[in-house]
Amino acid sequence: MMKRISLLEIAHDIVGSYIEPADIALDATLGNGHDTVFLARSVGTDGHVFGFDIQPQALIKSFQRLLQHDLQRRVTLRLASHADMLSHIPKQWYGRVRAVMFNLGYLPGADKAVITQIDSTLAALDSASVLLAPRAVITVLAYPGHAGGDLETEQLVAWCRQLDRTCFTSEVVLSSHDKPSAPRLFVIRKQADLL
Ligand code: SAH
């Protein structure tokens, strides 16, 4: 049987193709810390990762996972909304961030009532696009299958449409089981050389 590649793996492949040693990357939704570990590995010993979540449990899980891989020194974890990311990133890093990853929805194994919210998600995306370096990428894994996630996904499509086409391109990668409720991956790329 052919192995099904998950959207998470596709996101990692795409982000991995952008990141170089010593880069700066952000995990906008720490969750259980899988993306943070991936980003921390990718940026190497001279790079740095900032991770955000509003649930202490996500920071604890992520820190434990980082410790297991001895990657904790490359990562700064913040108990804060990604909507406020600009106030947590050192000013000298504005315009130098190579990748920002979002994994929306709720934290598996935690309170399912705590989900990402449209307003803060869009505010975070606006901030993320300010922080991006030339030749950089944002990935957003969205889950239209749950209440709130459907609207959030629609708003994401609208957000992508209003991007400045001279700087950004966007695409949506659908799951192999292509139901309207299936998760989907938004990939927003910032061009390398802007006039
Ligand atoms: N749905 C995914 C996991 C998503 S985890 C899966 O099933 O694999 C999403 C994380 O985003 C949760 O840990 C949640 O606490 C976090 N989150 C929600 N709102 C946030 C915000 N405003 N800022 C940062 N993190 C947020």
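The values are calculated or read from the model by the stated rules, or taken from the named source; none is laboratory data. This one's a predicted model, so the numbers in the text were calculated from it and none came from an experiment. As a convention, Cβ positions derive from the backbone with ideal geometry for all residues, glycine included, and neighbour counts pool all protein chains shown. These area figures cover heavy atoms from the full protein model, side chains too; ligands, DNA and RNA do not enter into them. Shrake-Rupley method; radii C 1.70, N 1.55, O 1.52, S 1.80 Å.
Taking the Cα centre of the chain as origin, sum charge times position over the Cβ atoms of Lys and Arg (+1) and Asp and Glu (-1), and report the length of that vector in debye to the nearest 20.
Using only the charged Cβ atoms, the result is roughly 320 debye.
Counting pairs on different chains as well as pairs 8 or more places apart, how many Lys pairs in the chain have Cα atoms under 27 Å apart? Working shown, then result.
Values: LYS3/LYS179; LYS61/LYS112; LYS91/LYS190; LYS112/LYS179.
Taking the chain as the scope, the lysine pair count is 4.
What ranking, highest mean first, results for peptides 103-109, 138-144 when packing means the other Cβ atoms within 10 Å averaged over each residue?
So the order, starting with the most tightly packed, is 138-144, 103-109.
Please report how far the C-alpha centroid of the range 150-195 lies from that of the range 55-100, rounded to the nearest whole angstrom.
Answer, in whole Å: 23.
Report, in deg cm²/dmol and to the nearest 500, the calculated mean residue ellipticity at 222 nm for the chain, where each DSSP H run with n ≥ 4 adds -39500 (n - 2.57) and the sum is divided by the residue count.
-10000 deg cm²/dmol
Rounded to a whole number, what % of the accessible area of the chain do carbon and sulfur atoms account for, probe 1.4 Å?
55 percent
Mean Kyte-Doolittle of at least -1.0 and a Cα length of 15 Å or more along the axis: which whole DSSP H helices of the chain meet both?
For the chain, where a helix must reach 15 Å along its axis and average at least -1.0, the hits are 7-18, 56-68, 118-131, 149-161.
Whose amide H sits under 5 Å from the amide H of VAL137, counting only residues 5 or more places off or on another chain, with H placed in the peptide plane?
Residues meeting the amide H criterion: ALA99, VAL100, LYS190.
Given a 1.4 Å probe, how much area per residue of the range 7-190 is accessible, in Å²?
45 Å²
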